[in-house]
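The values are calculated or read from the model by the stated rules, or taken from the named source; none is laboratory data. Here the structure is a predicted model, which is why all the values come from computation and not from measurement. Here the Cβ positions follow ideal geometry from the backbone for every residue, glycine too, while neighbour counts run over all protein chains shown. For the accessible areas, the whole protein counts, side chains as well, though only heavy atoms, and no ligand, DNA or RNA atoms are used. Shrake-Rupley method; radii C 1.70, N 1.55, O 1.52, S 1.80 Å.
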Amino acid sequence: MNIFEQIQTQVQQAFPALFGTAVEIEKITINETLKEFSGDVTLVVFPLLKLTKKNPEESAIIIGEFLLSNNPHVESFNVIKGFLNLVLKDAFWTAFLLEEPMQIPAKNEVVLIEYSSPNTNKPIHLGHVRNNVLGYALAGIFKANGYQTSKVNLINDRGIHICKSMIAWQKFANGETPESSGMKGDKLVGKYYVAFDKQYKQEIETLIATGHTKEEAEKQAPILLAAQAMLLRWENGDAEVVDLWKMMNAWVYAGFDVTYKNLGVDFDKYYYESNTYLLGKDIVEDGLSRGVFYKKENGSVWIDLSADGLDEKLVLRADGTSVYITQDLGTADLKYQDFKMNRSIYVVGNEQDYHFKVLKLILQKLGRPYADGIQHFSYGMVDLPSGKMKSREGTVVDADDLIDDMIAAAKEQTEALGKIDDFTEEEKIALFKTIGLGALKFFLLRVDPKKRILFDPKESIDLHGYTGPFVQYTYARTRSILRKAGSITPLAKSDLAAYALLASEKELIKILYKSNIILAECCKEMNPAKLIDYTYDVAKIYNKFYNDCAILAAEKEIEKKCRLQLTTLTGNTIQRCFALVGIDVPERM
RNA sequence: GGCCGCGUAGCUCAGGGGAUAGAGCAACUGCCUUCUAAGCAGUCGGUCGCACGUUCGAUUCGUGCCGCGGUCACCA
């Protein structure tokens, strides 16, 4: 139990003796004391006044007196208006310096996180990067909180959109391959996805010019019909189509591997839609016989969710081919077979909020045991100043390009500072990558996942201020100090008894003390941004401490020991938090 | 139009019933013969979209309105 909970519980237990009535724990509001007041922990008495039947000051004083004589950590208190500010003894804080890092006990709960889930018809862009970075971070946070966590990637490798790039390649590519063109495989396939769209639009215009309505044209454009026919042939196992599909997907995977490796994301298991959509069809069949679904005259299969405030939803097309949600049903069953998860988290953009409501509802109606544990981790889009990124229209910030740009910016900045001239070439390359990717990931993670991110390609991502490199730099500072300190006799408990903390030392201890509290909140709220914000605070406060206090040149030996220990803990905390979210940390920069 | 989300400093974002609303960027001012200045300290900058309501207390909760975005496909 941390000190905040400890005081809260203690007050609750003593409340009847003090005021003659019990109190719910939620009424006891405990905050950190604001900087401008003296104290460490603040209890807000306003919510208690109805129960204490005394004015704010009197109530606060009673509680304050009680804590002063019954909590060994409380040194003194002051009351301002309805706020009871408690000052804790320095010994409470310095004791934390020697504590073993608190291990969060393992929980017997399996959490499955699906993220990334790319389509194999286009390269990864900045929006997907946000997905990957968020998914990885979320998994790290769950794991750190003791959950049995696995990461899976569902590859969207089949469907009408895949056939679109296939058909365009057949028509326009003249056999172009990654080898023949020197183009990265995913980029090449993406090029034909764009080509499809261009051709499709042209055909629509032609049809409209020859007297068709827009709607007719959109349904009858020859290249779309060809794609639909190809999907049917694919689902029927047509060898020629399947071979083409395998070839083009292999190109894409080779490209994705490079990007994933650069991003540093990984997965415990891959699922392929091409393997799960048939399972989905079986589920549709089963649900049909059990009356969960129904068939329309043209043979298409639907579910009516209007009683739940949603619409009728198609689950299988009239021609028997499966739609997006068909395979999602299959994949969901398969995941449960494989992992028996208690919670199944889908990291997918908020444009699919409706889809996931439907998916969960259908699985609940089908009586799946895991259905209630399904959770859509819905995050906001990354928008450009010009609006939404659209792969089809080529208005995207490509992931590989962006990574290259970030690394180049890191290189330029770092070399200009001239601090690493003695690095080997390999060390330099590794450092530029650490900094560049650190900046990128920090940029994407620091914003509340629910909210959209505006990215302006003209303004490169900062390396100063509230950024990844700022925190990395702070880490490098701690490492530098510790290298220079060499081996010294470690801090002992007896050293600390009479140690009086300076303001910036205390502030640093206080922020370090909170790491596990923050980590638990990040998990509960599923919010990696909060962890990022915390690492920034740690770095900020350490830098102030660094400026205010001589560490190696401290006047007294005990000061030096304490400050070195603070330096060690700061470095460890930054490293630990960053590791969870996939950001590396340099020994020097 | 129905449903969902979002409006906080010039810009990008935190905060989320409690004390005088915080960071970063941008602009300006100090601080490197001293542990890494990718740093620290400071100045400037706000009717927390608008209105009403609940409350001892609302930027935070509720309702309505305005603005922006998403979604309601036999696309994914």
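Evaluated against (1) open to solvent by less than 50 Å² (accessible area, probe 1.4 Å); (2) near RNA strand B (Cβ under 8 Å from one of its atoms), A:Asp319 falls short on exactly one condition, (1).
Only one entry in A:Ala476, A:Ala492 is open to solvent by less than 50 Å² (accessible area, probe 1.4 Å), closer than 21 Å to A:Leu552 by Cα and at pLDDT below 95, namely A:Ala492. When A:Gly299, A:Gly309 are checked against the criterion of being open to solvent by less than 30 Å² (accessible area, probe 1.4 Å) and within 11 Å of RNA strand B (Cβ to nearest atom), a single residue qualifies: A:Gly299. Taken together, the residues in the range A:380-422 that are touching a residue at least 60 places away in the same chain (Cβ under 8 Å) and hydrophobic (A, V, I, L, M, F, W, C) amount to 10.
Whether any residue in the range A:102-122 is away from RNA strand B (no atom under 16 Å from the Cβ), out of contact with any strand residue (DSSP E or B) (no Cβ under 6 Å at 6 or more places or on another chain), in a loop (DSSP other than H, G, I, E, B) and of a type in the set (Lys, Arg) is what I want to check.
Scanning the range A:102-122, I find at least one residue that is away from RNA strand B (no atom under 16 Å from the Cβ), out of contact with any strand residue (DSSP E or B) (no Cβ under 6 Å at 6 or more places or on another chain), in a loop (DSSP other than H, G, I, E, B) and of a type in the set (Lys, Arg), so the answer is yes.
What is the residue count in the range A:520-546 for residues that are more than 9 Å from RNA strand B (Cβ to nearest atom) and either surrounded by fewer than 21 Cβ atoms within 10 Å (Cβ to Cβ) or part of a loop (DSSP other than H, G, I, E, B) (or both)?
3
Pairs meeting the criteria (first residue in the range A:308-337 and at negative phi and assigned to a helix (DSSP H, G or I), second residue near RNA strand B (Cβ under 9 Å from one of its atoms) and open to solvent by less than 10 Å² (accessible area, probe 1.4 Å), beta carbons under 7 Å, at least 6 apart or on different chains) are A:Ile325/A:Val358; A:Gln327/A:Glu273. Checking each residue in the range A:407-422 for being within 11 Å of RNA strand B (Cβ to nearest atom) and touching a helix residue (DSSP H, G or I) at 6+ places or on another chain (Cβ under 7 Å) picks out A:Ala409, A:Ala410, A:Lys411, A:Thr414, A:Ile420. Annotation note: of A:Leu68, A:Leu43, A:Leu48, the sole residue that is surrounded by fewer than 20 Cβ atoms within 10 Å (Cβ to Cβ) and either farther than 29 Å from A:Arg563 by Cβ or free of Cβ contacts under 8 Å to residues at least 12 places away in the same chain (or both) is A:Leu68. Here A:Lys357 passes the criteria (1) in contact with a Phe, Trp or Tyr (Cβ under 8 Å, 6 or more places away or on another chain); (2) outside any strand (DSSP E or B); (3) among the basic types (Lys, Arg) except the one numbered (1).
Under the condition of being within 12 Å of RNA strand B (Cβ to nearest atom) and either polar (S, T, N, Q) or over 26 Å from A:Asp338 (Cβ atoms) (or both), the residues counted in the range A:273-296 number 4. Restricting attention to the range A:547-589, and to residues there that are closer than 11 Å to A:Ala476 by Cα and within 8 Å of RNA strand B (Cβ to nearest atom), which single residue is least open to solvent (accessible area, probe 1.4 Å)? Step by step, filter the range A:547-589, then rank; the result is A:Pro586.
Based on this model, can you work out whether A:Ala250 counts as open to solvent by 20 Å² or more (accessible area, probe 1.4 Å) and either in a helix (DSSP H, G or I) or among the basic types (Lys, Arg) (or both)?
yes
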